[in-house]
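Engineer: Pasting a structure here, questions to come.
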Amino acid sequence: MGKIARFLSDEEIKQRYPEENQSTRARLSREAVQKGYKIALVQHRLINFKSDYFDLYQISSGMLDSLIPEHCREFWCFTDLGETPQGKVYCAIRKN
């Protein structure tokens, strides 16, 4: 598994979190987009089901630097932790 940090496209967000999906992660992701945040996928071999929130934030923060440097971004929240066992998390960030 490689290391990936990338923004989801609008089409990927609509496909992954359609309006009829009322799960918490779908509603939170749609809310983030409405508030002006972008949804970023972070994939790393160190992310797993044993990772606590602090570990997830530290790993994600380092990976997100390739998208928006830390001093220029606002991290809102993790929007989807459903794929944590596969080494993936989704989070809402925007340039500040």
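Engineer: Only sites in a loop by DSSP and with at most 14 other Cβ atoms within 10 Å count here; which chymotrypsin sites (Phe, Trp or Tyr not before Pro) in the chain make the cut?
Structural biologist: Details: sites: Phe7, Tyr37, Phe49, Tyr53, Phe54, Tyr57, Phe75, Trp76, Phe78, Tyr90; in loops: Tyr37, Phe49.
Qualifying residues, ordered by number: Phe49.
Engineer: Helix-only estimate, please: 222 nm mean residue ellipticity of the chain, summing -39500 (n - 2.57) across DSSP H runs of length 4 or more and dividing by its residues, to the nearest 500. Present the calculation step by step, with values, prior to reporting the outcome.
Structural biologist: Details: 3 runs with 30 residues, N = 96.
Computed ellipticity for the chain at 222 nm equals -9000 deg cm²/dmol.
Engineer: Under unit Cβ charges (Lys, Arg +1; Asp, Glu -1), what dipole magnitude, rounded to 20 debye, does region 4-95 have relative to its Cα centre? Intermediate results must be reported in sequence, preceding the final value.
Structural biologist: Numbers: 14 positive and 13 negative charges, 14 e Å.
Dipole about the Cα centre, nearest 20: 60 debye.
Engineer: While we're on this one: Using 0.36 nm per residue, how much length does the chain from Glu74 to Arg25 gain when fully extended, once their Cα-Cα distance is taken away?
Structural biologist: Details: separation 49, 0.36 × 49 = 17.64 nm, distance 1.93 nm.
Residue separation times 0.36 nm, minus the Cα-Cα distance, leaves 15.7 nm.
Engineer: Tell me which trypsin sites (Lys or Arg not before Pro) from region 21-76 have a DSSP coil assignment and no more than 11 other beta carbons within 10 Å of their own. Intermediate values should be presented prior to the final figure.
Structural biologist: Numbers: sites: Arg25, Arg27, Arg30, Lys35, Lys38, Arg45, Lys50, Arg73; in loops: Lys35, Arg45, Lys50.
The qualifying sites are Lys35, Arg45, Lys50.
Engineer: Counting other C-beta atoms within 10 Å, and keeping those with at most 15, which DSSP coil GluC sites (Glu not before Pro) do you find in region 18-80?
Structural biologist: Numbers: sites: Glu19, Glu20, Glu31, Glu70, Glu74; in loops: Glu19, Glu20.
Counting only loop positions with at most 15 other Cβ atoms within 10 Å, the GluC sites (Glu not before Pro) in region 18-80 are Glu19, Glu20.
Engineer: Pairs of Cα atoms under 8 Å, at least six residues apart: use those to get the relative contact order of the chain, whole percent. Intermediate results must be reported in sequence, preceding the final value.
Structural biologist: On the way: 150 pairs, mean separation 33.3, N = 96.
This gives 35 percent for the chain.
Engineer: Counting residues in the chain as N, plug N into 2.2 N^0.38 Å and put the Cα Rg over that result.
Structural biologist: Numbers: Rg = 12.6 Å, N = 96, 2.2 N^0.38 = 12.5 Å.
For the chain, the normalised Cα radius of gyration comes out at 1.01.
Engineer: Please compute the length gained on full extension between Gln34 and Asp10, using 0.36 nm multiplied by the number of residues separating them and subtracting their Cα-Cα distance. Could you put the intermediate results ahead of the total?
Structural biologist: Numbers: separation 24, 0.36 × 24 = 8.64 nm, distance 1.17 nm.
In short, 7.5 nm is gained.
Engineer: Okay, next question. Can you give the FRET efficiency to the nearest 0.05 for Arg45 and Asp65, using r as the Cβ-Cβ distance and R₀ = 22 Å? Please list the in-between numbers first.
Structural biologist: Values: r = 18 Å, r/R0 = 0.80.
The formula returns an efficiency of 0.80 here.
Every number here is computed from the coordinates shown, using simple stated rules; none is lab data. Keep in mind that what you see is a predicted model, and the values were worked out from it rather than measured. Because the Cβ atoms are built from the backbone with ideal geometry, glycine has one as well, and the counts that use them run over all protein chains shown.
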